[in-house]
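Here's the structure we're looking at; comments come further down.
The values are calculated or read from the model by the stated rules, or taken from the named source; none is laboratory data. This is a predicted model, so every value here is computed, not measured. Virtual Cβ from ideal backbone geometry, glycine too; neighbours counted across all protein chains shown. Note: areas computed on protein heavy atoms with side chains; ligands, DNA, RNA excluded. Shrake-Rupley method; radii C 1.70, N 1.55, O 1.52, S 1.80 Å.
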Amino acid sequence: MTNPLLAPWNTPFELPPFGLIKDDDFAPAFDAALAQGRARVAEIAENADAPTFANTIEALELADESLGRVLGIFYGIAGADSNDAREALQREFAPKLSAYSSELTMNADIWARIKTLWADQEGLDEQQQRLLYLYHRNFIRSGADLEGSARDRLTEVKSRLATLGTDFTQNLLADERDWFMELGSDDLDGLPDFLLEAMEGAAGEKDLKGHVVTLSRSLIVPFLQFSTRRDLREIAYKAWAARGANGGETDNRGIAAETLALRYERAQLLGYKDFAAYKLETEMAGNADNVRDLLMQVWKPARAAALKDQAVLETMMREDGINGDLQAWDWHHYSERRRKAEHDLDEAELKPYLQLEKMIEASFDCANRLFGLEFSPLDADMYHEDVRAWEVTRGGKHIAVFIGDYFARGSKRSGAWCMAMRAQKKLGGDTAPHVVNVCNFAKPAPGAAALLSFDDARTLFHEFGHALHQMLSDVRYEAISGTSVARDFVELPSQLYEHWLSVPEVLAKFAVHAETGEPMPQDMLKRLLDAQTYDMGFSTVEFVASAMVDLAFHEGVPADDIMAKQAEVLSDMGMPEAIEMRHRTPQFAHVFTGDGYSSGYYSYMWSEVMDADAFEAFEEVDDPFDPALAKSLEENILSAGGSKEADALYKAFRGRMPDASALLKGRGLA
């Protein structure tokens, strides 16, 4: 019987036939696709004809199409709906993929052809020149010029790093999946109905009766906000903070330390002083000093605001008769009470107006008004019963398939992300993308509406901004398609799209009560928008602390004791004791599951400088849906992928590069 992963797909828009794909299909499909990729690379290397852009660079772009198809599906499913078989396959695939990558970038014949093309670029158009530049740079940064033992050692280092990243991910998922706390009837004081329903659903998923708290952010955060039981908040918070650091087989501290040591060795082999210098060379920031300058500009006012807020919260705690210092498990609780007192905003009162279905509609509606996109539900097999799909069109023309996977489950890793199971390209025939948004919102009881916090709704818009970057991509080559841009630029489209959630007319239309259907009252809407910068000192401090620790880990020779290094960095910064890093080292998946955000967690803030400034362009014309600006945004950023340097793309839209003033203003820290 033909492996469905390798057969042609007679499905709507060539979507994967998820209903036919079994876990046993992945390994043979992977091996066959990998062998095909190797054979095609060998053909290119052994081609007796003189190197041309078509027979070398474009041929490389097409060499592992089958492998990309298999892996797009596998990693999409494995991250969102893991099981033992898929985790074993991840461990098996990681070193094999690393070896394949090293074989390619250290293939002397391929490298010679690329260097020949690099030396004479006559006749190449702009996208071809850009793609050649990226190939040439990537081969150099991957060790193509290394020889002998250094070459062999780099291959070993990259293979080990791939394995460590997989292990880190799986350990974290195991800790998140395995811990839960059952609550009795005396443990529910202060908990609103929406949270009780979600905790009852979480208990049912574990074949239990009653209510449980898990380490899903959609449960743990509201529990910390509303529970009046300080002892239970402490237990839950410490479990959340201990992910990846519980000792035993799932402890990530040793993995993180080895990862940092190997990254440093990798940078040294390639001639860089440290991994930060290697990694930041290709980013907009350019070097560690520029990163630190931005972070410290924000740190000082953020820390001052957080300490001021901490004093207020400690006073509230004293009024409850609790002595001692405010702790990390107290902050969310007293901050939520303070928000209700000062802004008359109650999360339990607000949530019924933020229905998941309506927020999805809102994100689609904004995309329609800005870019003319239309969304129609698709009846197609997906990889889980909770997953849905839409066809995306414009003027009747098919643009993409958008897939939404919104609910938390034990088999899904934490966080939210966007990925393309199939990326946009034109080489080899027009290929429309298949784009997936994955979130971890609390699943409601059967028949009930899924309700979001405002932060949840912002996450939905954020990930949809990434999806637009993929869906509106309009380039020739997959290597520069969609989100294939500098890491500190990739968050611009996502963070910029968050701004449309806060446009009053958007909330007025889509923030309607789940039971009555009434729109959010104007006074509540005003209070919600007025409170957008509430507790911004806290959220900024926890972010910048994580970014500074990440940067420090990758500058210079790595410390032997990484947890002591983390503590040292935080102490030197003057970290408020009642606030912890957003991502502590043993659970810092951005940094340790792969190279993506290593020495690059700052990227969110670097992009925020641009997104704050970019949305000001719409505010300057007093129209969040200004057609000319929307067209410019699409043409110069969303459709352009990585076809030009990031600063050139931004300047084409805005006319200049911004400074941090708009960011500080947007966070209420100016």
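Summed over region 140-156, residues that are among the hydrophobic types (A, V, I, L, M, F, W, C), assigned to a helix (DSSP H, G or I) and either on the phi > 0 side of the Ramachandran plot or surrounded by 18 or more Cβ atoms within 10 Å (Cβ to Cβ) (or both) total 1. For region 605-659, the candidate set comprises residues that are small (Gly, Ala, Ser) and either part of a loop (DSSP other than H, G, I, E, B) or open to solvent by 60 Å² or more (accessible area, probe 1.4 Å) (or both); within that set, the residue that is farthest from residue 480 (Cα to Cα) is 628. Might you check whether a residue that is at pLDDT 95 or above and either assigned to a loop (DSSP other than H, G, I, E, B) or within 25 Å of residue 236 (Cα to Cα) (or both) occurs anywhere in region 355-372? Yes, the conditions are met somewhere in region 355-372. Of the residues that make up region 457-464, is at least one aliphatic (A, V, I, L, M) and at pLDDT 95 or above? Yes: one or more hits. The lone criterion from (1) loosely packed, with under 14 Cβ neighbours inside 10 Å; (2) among the β-branched types (Val, Ile, Thr); (3) within 21 Å of residue 94 (Cα to Cα) left unmet by residue 41 is number (1).
From the list 236, 257, 202, 245, pick out the single residue that is surrounded by fewer than 19 Cβ atoms within 10 Å (Cβ to Cβ) and touching a residue at least 12 places away in the same chain (Cβ under 8 Å). After applying the criteria, what remains is 245.
With respect to the conditions (1) in a helix (DSSP H, G or I); (2) open to solvent by less than 20 Å² (accessible area, probe 1.4 Å), residue 16 lacks only one, and its number is (1). Please determine whether any residue of region 97-104 is free of Cβ contacts under 8 Å to residues at least 60 places away in the same chain, in contact with a Lys or Arg (Cβ under 9 Å, 6 or more places away or on another chain) and closer than 25 Å to residue 402 by Cβ. No: region 97-104 contains no residue that is free of Cβ contacts under 8 Å to residues at least 60 places away in the same chain, in contact with a Lys or Arg (Cβ under 9 Å, 6 or more places away or on another chain) and closer than 25 Å to residue 402 by Cβ. As a summary of the residue check, residue 346 satisfies the conditions (1) surrounded by fewer than 18 Cβ atoms within 10 Å (Cβ to Cβ); (2) at pLDDT 95 or above; (3) not polar (S, T, N, Q) except for the one numbered (2). Residue 522 meets the conditions (1) in contact with a His (Cβ under 7 Å, 6 or more places away or on another chain); (2) surrounded by fewer than 16 Cβ atoms within 10 Å (Cβ to Cβ) in every case but one. The failed one is (1). Residues of region 556-589 that are within 27 Å of residue 79 (Cβ to Cβ) and among the hydroxyl-bearing types (Ser, Thr, Tyr): 585 alone. Taking the listed residues 178, 187, 193, the one that is in contact (Cβ under 8 Å) with a residue 24 or more places away in the chain and surrounded by fewer than 14 Cβ atoms within 10 Å (Cβ to Cβ) is 193, with no other qualifying. For region 194-217, the set of residues classified as charged (D, E, K, R) and under 30 Å from the mean Cα position of the chain (by Cα) consists of 197, 200, 205, 206, 217, listed by residue number.
If you check 543, 510 for being at pLDDT 95 or above and closer than 30 Å to residue 579 by Cα, only one passes: 543. Among what's in region 474-500 and is open to solvent by less than 10 Å² (accessible area, probe 1.4 Å) and hydroxyl-bearing (Ser, Thr, Tyr), pick the residue that is nearest to residue 375 (Cα to Cα). For region 474-500, the residue satisfying everything is 497.
Which one is least open to solvent (accessible area, probe 1.4 Å), of the residues in region 542-573 that are in contact with a Lys or Arg (Cβ under 6 Å, 6 or more places away or on another chain) and not aromatic (Phe, Trp, Tyr)?
The residue in question is 546.
Considering region 215-231, the residues that are buried (at least 18 other Cβ atoms within 10 Å of the Cβ) and without any contact (Cβ under 8 Å) to a residue 40 or more places away in the chain include one that is farthest from residue 413 (Cα to Cα), namely 223. Within region 365-389, the set of residues being under 23 Å from the mean Cα position of the chain (by Cα) and surrounded by 18 or more Cβ atoms within 10 Å (Cβ to Cβ) comprises 366, 367, 382, 383, 387, 389. Would you check if there is a residue in region 593-602 being in a helix (DSSP H, G or I), surrounded by 20 or more Cβ atoms within 10 Å (Cβ to Cβ) and at pLDDT 95 or above? Checked region 593-602: no residue is in a helix (DSSP H, G or I), surrounded by 20 or more Cβ atoms within 10 Å (Cβ to Cβ) and at pLDDT 95 or above. Just one residue in the set 73, 114 is in contact with a strand residue (DSSP E or B) (Cβ under 7 Å, 6 or more places away or on another chain), of a type in the set (A, V, I, L, M) and buried (at least 20 other Cβ atoms within 10 Å of the Cβ); that residue is 73. Filtered by the rule that a residue be acidic (Asp, Glu) and without any contact (Cβ under 8 Å) to a residue 12 or more places away in the chain, region 625-634 gives a lone residue, 626. Residues that are in contact (Cβ under 8 Å) with a residue 60 or more places away in the chain and part of a helix (DSSP H, G or I) within region 115-139 comprise 116, 117, 126, 127, 128, 130, 131, 132, 134, 135, 137, listed in sequence order. Take the residues in region 228-284 that are in contact with a Leu (Cβ under 8 Å, 6 or more places away or on another chain) and charged (D, E, K, R); name whichever of them is nearest to residue 167 (Cα to Cα). It comes out as 258.
So for region 442-461 (the condition being within 11 Å of residue 218 (Cα to Cα), touching a residue at least 12 places away in the same chain (Cβ under 8 Å) and of a type in the set (S, T, N, Q)), does at least one residue qualify? Yes, region 442-461 has at least one match. Residues in region 101-111 that are surrounded by fewer than 18 Cβ atoms within 10 Å (Cβ to Cβ) and either at pLDDT below 95 or closer than 30 Å to residue 15 by Cα (or both): 101 alone. The condition of being part of a helix (DSSP H, G or I) and out of contact with any Pro (no Cβ under 9 Å at 6 or more places or on another chain) holds for residue 267.
Number of residues in region 426-446 that are within 22 Å of residue 460 (Cα to Cα) and part of a strand (DSSP E or B): the value is 8. Applying the criterion of being over 19 Å from residue 68 (Cβ atoms) and of a type in the set (Ser, Thr, Tyr) to the residues of region 420-469, the residue that is least open to solvent (accessible area, probe 1.4 Å) is 453.
Annotation note: of 449, 389, the sole residue that is hydrophobic (A, V, I, L, M, F, W, C), farther than 19 Å from residue 640 by Cα and part of a loop (DSSP other than H, G, I, E, B) is 449.
Look at region 574-586: where a residue is closer than 24 Å to residue 597 by Cα and open to solvent by 10 Å² or more (accessible area, probe 1.4 Å) and a partner is among the aromatic types (Phe, Trp, Tyr) and not in a loop (DSSP other than H, G, I, E, B), sitting 6+ places away or on another chain with Cβ atoms under 6 Å, you get 582/543.
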